[in-house]
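Report on the following structure.
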Amino acid sequence: MKKITCKLTLFIFIFLGIWTYSQEKENFLNIPNILQKIVPNSGISSWVLLYNDGGQDQAIITSGTKPNYTSQSSGFDLFPDEDSFYYIAYSQGGKIDYVTDLQALKKFIGKIDNVQEAAIAAAMDGYFVDEEFKDIAGNHYEDGTNYYLDLGKLTSKECPYQKRHYTLTINKSTGEIGEVDDHGAYIELYNKTCTNNPRLLKLEQKKEEPKEESIKKGKRSTKK
């Protein structure tokens, strides 16, 4: 009986190990694809997601009858420092309303229904899908309880400009971020004026070295 129990326990551990390993991470395709997975809160009869670039609107997705909307001059984005923006026009109770910032977007979504909405909710805290570095800052996997998202975050616009990447654990039931694992910087950009530029510091050290050597030589010649 003990042998059977031991074998069964071993099998369970092996199975769990294989199952965990098999949870391969999937890349988020792009920002429009993420936004297309939005499932609005109840009571929204029709809505349209629009992308505005240079004052021109492009409908990304339309659900129900397209609302008779007015083009907006501002909106939200899921990536920092974008010139273009998105907004949503929706009809509720016979009235047209708009989603033009992340706070309103979170309210529009309501309960988190999928991993894409989890990524949108994380944008409220400054996290984003970096389409140029999706392997480290734009992928995800999930289990029965949580979504696990690898996302980027702009942590400094000063010297150096810096992006770090994190793994967020987001509970499926509550939509709350439980754990945040910091994996460090994946982009650091220095300009010529950065006083903490490692390259400049090395150049300064090289300039100082000959001076120190000449001082030492001077001392030796004095002793003679």
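Students often check this: by mean Cβ neighbours within 10 Å, which of 118-129, 36-47 ranks highest, and how do the rest follow? Walk me through the numbers on the way to the answer.
Working: 118-129: 20.6, 36-47: 15.0.
Highest to lowest by the protection proxy: 118-129, 36-47.
Taking a ≥ b ≥ c as the square roots of the eigenvalues of the alpha-carbon gyration tensor, segment 31-89 is classed oblate because a/c is 1.5 or more while a/b is no larger than b/c. Tell me the volume per residue, in Å³, of the convex hull enclosing the alpha carbons of segment 127-205. In segment 127-205, the Cα hull volume divided by residue count equals 100 Å³.
From the Cα gyration tensor of segment 58-142, with a ≥ b ≥ c the square roots of its eigenvalues, which class applies: rounded if a/c is under 1.5, or else prolate if a/b is larger than b/c, or else oblate? Prolate, because a/c is 1.5 or more and a/b exceeds b/c. Taking every C-alpha pair closer than 8 Å and separated by at least 6 residues, the mean separation divided by the residue count of segment 47-129 gives a relative contact order of 25 percent.
Length gained on full extension, LYS95 to HIS183: 27.1 nm, using 0.36 nm per residue less the C-alpha separation.
Only the coordinates and a few stated rules stand behind these numbers; no lab work does. Please read these numbers as outputs of a predicted model, since none were measured by experiment. Virtual Cβ from ideal backbone geometry, glycine too; neighbours counted across all protein chains shown.
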